[in-house]
Amino acid sequence: MTSGRELVAVLEERVRSMRHGERVPSEHDIMARYEVSRSLARSALRELEARYLVRRVQGAGTFVNERLDYVISRSRKPSLHATIAEAGRTARTFVVAIGSHSAPEPLADTLNVAPGTPLVRLERLAYVDDEPTMFLQEWLAPDVILHPEVGLTVIESVEELLRGSGHDPVRAWFRATVDPPPPLVHDRLALPRGSRTWVVDSCTRDGGTGRPLMASRAWTRIDVIRIVCELDDDFRPAP
């Protein structure tokens with residue numbers, strides 16, 4: 001008789017040989033093929049889901065899940081769209097809210113402006129392959145992009161808008177944690193109850209002048225994206 005551990009190992013091997021989005025065997029199929037109980041079949045699928053190897057969609061079935069690597073380093077473009085495109089997937093971002101807000105003190109220090117300085121704050125929702133994946137809150141330094149509310153209706157990438165405005169955006173620093181998202185973000189990302197997300201705070205500067213361009217916070221679904229942090233190798237041996 002197949003044990004729970006053996007069943008998970010067999011199913012994992014099978015899932016890893018399948019394509020992203022392909023339907024995996026149902027509980028009934030697993031019961032019949034491996035001669036196990038429903039509870040064991042269900043437990044095995046839950047284990048694969050916990051490992052982010054499959055995703056179960058209520059009313060539709062269980063599907064192979066392949067997470068995307070979102071690499072954060074100074075040598076990579078700070079662009080969601082470029083990262084997703086390199087992985088052969090499709091990204092779309094939509095502006096949820098845009099307006100002028102006074103800079104709170106910690107943020108003012110990051111962007112090198114006086115506290116209370118009016119800044120453009122963006123809230124955007126990003127989709128990967130038509131699935132809500134990332135919620136972003138971004139603060140633009142004064143005058144780095146003229147009329148961003150217009151530009152973002154044509155070009156969805158803030159990184160591309162910054163380049164089009166004559167800047168060379170590079171990620172100056174970042175901090176990544178895993179935490180429960182606020183209720184608004186939880187709802188926007190259509191997360192199951194009790195879910196956690198990647199939370200990445202970052203600052204983007206101009207690569208030539210060092211001027212701060214943007215500060216951001218992004219909440220990202222762990223089951224869709226895997227955050228990979230790379231430490232750039234600036235070491236040079238002594239002559």
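For this structure, a couple of remarks:
- Each eigenvalue of the Cα gyration tensor of region 57-124, multiplied by 5 and square-rooted, gives one semi-axis; in descending order these are 34, 18, 11 Å.
- In a fully extended conformation the segment linking GLU12 and VAL228 would gain 75.5 nm over its present Cα-Cα distance, using 0.36 nm per residue.
- Protection-proxy order for peptides 178-190, 112-124, each taking the mean of Cβ atoms within 10 Å per residue, highest first: 112-124, 178-190
- Average Cα contact separation per residue, the chain, under 8 Å, 6 or more apart, as relative contact order %: 18 percent
- Rounded to the nearest 500, the 222 nm mean residue ellipticity of the chain from helices alone is -8000 deg cm²/dmol, with -39,500 (n - 2.57) taken per DSSP H run of at least 4 residues.
- Relative contact order (%) - region 145-239, alpha-carbon pairs under 8 angstrom, separation at least six: 23 percent
- Counting Lys and Arg as +1 and Asp and Glu as -1 over every other residue whose Cβ lies under 12 Å from the Cβ of VAL95, the net charge comes to -1.
A short reminder: the numbers here are calculations on the coordinates, not readings from a lab. Keep in mind that this is a model prediction, so the values were computed, not measured. Positions of Cβ are backbone-derived with ideal geometry, glycine not excepted, and every protein chain shown enters the neighbour counts.
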